[in-house]
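Accompanying notes for the structure given below.
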Amino acid sequence: MASRRRAAQVRVNAGLPNRVLMDIPENRFKLATLFRRYHPTVVIVPAGRTPAASPDHYQGQLLVEAARFYSQLTKWNERFDNTEPYRVPHLVYAPFPFDAEQRQWHSSFIVDISATFEQKMKAVQCYESQFDDKRIALVKHFVTGHNIYQGARCGFSYGELFALPHPAGAADLMTFVLGGKGSPAPVQLPGKDHVPMG
């Protein structure tokens, strides 16, 4: 149901075990085989250490990074169901807001999710097996506050933070800089009307 809420075009279960997920060679082969089969342009992975939550989170990050490397290896096709090598062009991190470490990413950016925030929350609610009513209320409160905070940094009602393992590049300075709506508290010049946030 969550994949329908997210409007996912394809959902594949890699068969990796919940609660005992590990970045081990066998799991790297499984995931890299999917990369080689589906040729994704962008792979997004949650990033960060979450000692108070599942250790699967950090293992998942390590596993995706390793599988991305494995997927491009040549002369080893038998390890990947005889699929051809493929290099995933772009790896994007979705940083955990409760990461145990203070991280300095090479670059980060915030996507305006104002139009899809309610759809995101409906997808979160689909995980009833993980959250009872009281806990889902806390999760909704936390996610809402976090997305409001991130969005406000760029003048959006709701925003989602992403990071890159390399500097962000742009073909055009103005398009890149003007991607957000601006400061949440622009300075009002004397004698000028305040510009409302859109």
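The values are calculated or read from the model by the stated rules, or taken from the named source; none is laboratory data. Everything quoted here is computed from the prediction, not taken from an experiment. We place every Cβ from the backbone using ideal geometry, glycine too, and count neighbours over all the protein chains shown. Remember, those area values only see protein heavy atoms, side chains included, never the ligands or the DNA or RNA. Shrake-Rupley method; radii C 1.70, N 1.55, O 1.52, S 1.80 Å.
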Next on the checklist: Against the conditions (1) in contact (Cβ under 8 Å) with a residue 24 or more places away in the chain; (2) part of a loop (DSSP other than H, G, I, E, B); (3) within 30 Å of GLU26 (Cβ to Cβ), where does THR74 fall short? Just the number, please.
Outcome noted: (1)
Checklist entry - Only one residue in VAL64, VAL45 is aliphatic (A, V, I, L, M), within 24 Å of ALA170 (Cβ to Cβ), open to solvent by less than 30 Å² (accessible area, probe 1.4 Å) and not in a loop (DSSP other than H, G, I, E, B), so which one is that? => result VAL45
Item to check | Unmet criterion (only one of (1) at pLDDT below 95; (2) open to solvent by 60 Å² or more (accessible area, probe 1.4 Å); (3) within 27 Å of GLY179 (Cβ to Cβ); (4) part of a loop (DSSP other than H, G, I, E, B)) for GLN119 | outcome: (4)
Next on the checklist: Condition check: free of Cβ contacts under 8 Å to residues at least 40 places away in the same chain and out of contact with any strand residue (DSSP E or B) (no Cβ under 7 Å at 6 or more places or on another chain). Does PRO40 satisfy that?
Outcome noted: no
Next on the checklist: If I filter the stretch 29-40 for residues that are modelled with pLDDT of 95 or more, over 20 Å from the mean Cα position of the chain (by Cα) and polar (S, T, N, Q), do I get at least one hit?
Outcome noted: yes
Checklist entry - Does THR50 satisfy the condition of being farther than 30 Å from ARG103 by Cα and either open to solvent by 80 Å² or more (accessible area, probe 1.4 Å) or in a loop (DSSP other than H, G, I, E, B) (or both)? => result no
Item to check | For VAL143: the one exception among (1) open to solvent by less than 40 Å² (accessible area, probe 1.4 Å); (2) touching a helix residue (DSSP H, G or I) at 6+ places or on another chain (Cβ under 8 Å); (3) at pLDDT 95 or above | outcome: (3)
Next on the checklist: Suppose we keep only residues that are outside any strand (DSSP E or B) and touching a helix residue (DSSP H, G or I) at 6+ places or on another chain (Cβ under 8 Å) within the stretch 88-107. Which one would you say is nearest to ARG36 (Cα to Cα)?
Outcome noted: VAL88
Checklist outcome for this item: Here the residues within the stretch 150-172 that are closer than 25 Å to VAL43 by Cα and assigned to a helix (DSSP H, G or I) are GLN150, GLY151
